[in-house]
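First the structure, in the form of structure tokens, and then the observations on it.
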Amino acid sequence: MNKIFNAVKIFVTGIFLCGMILIGGKASAADAEAIQIFRETVAQTSGRDTRPFHQDILFIMPQTLGELEFFGATEKDSLKLAGTFGLWMIDDNGNPDSTEIPFYVTQDNKNMVIYFQKDKKWQKMTSPTSAATVVDMVTTPNAQELDKMIDYVKDVTILKDNDAQRILLVKIDGAKIFEDIKTEIAKDPELAKDPEFQKQAEDATLKTIAGYFEDGFTNADIWYTWTVDKTNWQSVTMSFNFSGLLQSIATAALKDISSPLTSMEPIRQILENVAYYSEFKAYTDFLNPAAKSRLEIPKNVLKAKEVKSITDDDKSKKK
């Protein structure tokens, strides 16, 4: 079970990185005009928007609904989030089960602190490595990083472009995204010093699962739609479709008939549901400044006990 949990953590990290990387007539990425329009849009909107935003990430498959919903705001190299993770399921007898985990996140140059409610008690976790990653992601891209973002693009469809508004449909190269995720993990100094992570990196089962991820990213299409207000060069809304990616990863696992994972009937049933029936989408919209009040952390939450990880029991760190 720990191996499966670790695989899920890797997948979530990958999706998070994808989401942060991808900030009328049809045109393809080979069309210099379409690429120039995309490049202009990225450059004009970078570093300009400190408005609060609302993010809704939805996962649906038979008998299961997962939702990660949160409000957030960035200022310079800091980030604040406040939201809820929810999971709702029913078994084959129709019995419902649900879990909801409220959370807050604060991040600055040095640390990311995650506050979350578990068993009706607030706990917190500090992660310096995550903070460094987020600082890099929210910083305005330089020319080299901008070129890299352009390199991820396979196709651009210009849905609308006038003096007031621009709407783009962008297709991303999943294989290049996966290679960058592997590179980021490989060069992370904290992971390099973590003996548990290094042990897991050599685990045969996890290597097999990583292969499914690579197949999924290589063969799937990742799309997002981006609407920009050209009067102030601010994003209006963004919509990401990761359904094809998730289905492709599950399909790669199902094709591996020699794997002990797919020989386990409950896991195989889950993989079939994901491969054939699942949806995984994310929506971002931007709000008025007054919405920042939702990011204030209550005093009782700030007094939360500290733990080493979200899966730890409710125990404070030893001093």
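The values are calculated or read from the model by the stated rules, or taken from the named source; none is laboratory data. Since we're looking at a predicted model, the values are computed, not measured. All Cβ positions, glycine included, derive from the backbone under ideal geometry; neighbour counts span all protein chains shown. Note: areas computed on protein heavy atoms with side chains; ligands, DNA, RNA excluded. Shrake-Rupley method; radii C 1.70, N 1.55, O 1.52, S 1.80 Å.
This table checks each residue for (1) at pLDDT below 90; (2) closer than 30 Å to R51 by Cα; (3) open to solvent by 20 Å² or more (accessible area, probe 1.4 Å); (4) among the small types (G, A, S).
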| position | (1), (2), (3), (4) |
| --- | --- |
| T208 | yes, no, yes, no |
| F217 | no, no, no, no |
| D229 | no, yes, yes, no |
| F240 | no, yes, no, no |
Counting only residues that are of a type outside the set (G, A, S) and modelled with pLDDT under 75, the range 291-319 contains a total of 9
Report the residue count in the range 151-165 for those that are out of contact with any Phe, Trp or Tyr (no Cβ under 8 Å at 6 or more places or on another chain), within 21 Å of Q234 (Cβ to Cβ) and assigned to a strand (DSSP E or B). 5
Among the residues that make up the range 185-208, is at least one of them in contact with a strand residue (DSSP E or B) (Cβ under 8 Å, 6 or more places away or on another chain) and small (G, A, S)? no
Determine, yes or no, whether W233 is closer than 29 Å to V156 by Cβ and in contact with a strand residue (DSSP E or B) (Cβ under 9 Å, 6 or more places away or on another chain). no
Evaluate the following for D256: is it of a type outside the set (V, I, T) and more than 26 Å from G174 (Cβ to Cβ)? no
Among what's in the range 250-261 and is under 26 Å from the mean Cα position of the chain (by Cα) and open to solvent by less than 30 Å² (accessible area, probe 1.4 Å), pick the residue that is farthest from Y212 (Cα to Cα). L254
Only unsatisfied item for A186, checking (1) closer than 27 Å to E40 by Cα; (2) open to solvent by 70 Å² or more (accessible area, probe 1.4 Å); (3) of a type in the set (A, V, I, L, M), is (1)
Check L68, L79 and return the single one that is under 22 Å from L295 (Cβ atoms), in contact with a strand residue (DSSP E or B) (Cβ under 6 Å, 6 or more places away or on another chain) and at pLDDT below 90. L79
Subset of the range 262-295 that is farther than 26 Å from K171 by Cα and among the β-branched types (V, I, T) - its residue that is farthest from the chain's Cα centre (by Cα): T262
With the requirement that a residue be open to solvent by 40 Å² or more (accessible area, probe 1.4 Å), among the hydrophobic types (A, V, I, L, M, F, W, C) and either closer than 19 Å to P298 by Cβ or not in a strand (DSSP E or B) (or both), what does the range 55-84 give you? F71
Cβ contacts < 8 Å: first residue among the hydroxyl-bearing types (S, T, Y), restricted to the range 42-71; second residue in a helix (DSSP H, G or I), any location; separation 6+ or different chain. Result? S46/L146; T64/N273
May I ask you to list the residues in the range 85-129 that are part of a loop (DSSP other than H, G, I, E, B), loosely packed, with under 11 Cβ neighbours inside 10 Å and of a type in the set (D, E, K, R)? D91, D92, K110, D119, K120
Looking at the range 201-279, what helices (runs of 4 or more DSSP H) fall wholly within it and have at least 3 residues that are in contact with a helix residue (DSSP H, G or I) (Cβ under 9 Å, 6 or more places away or on another chain), over 23 Å from M89 (Cα atoms) and among the charged types (D, E, K, R)? 204-219
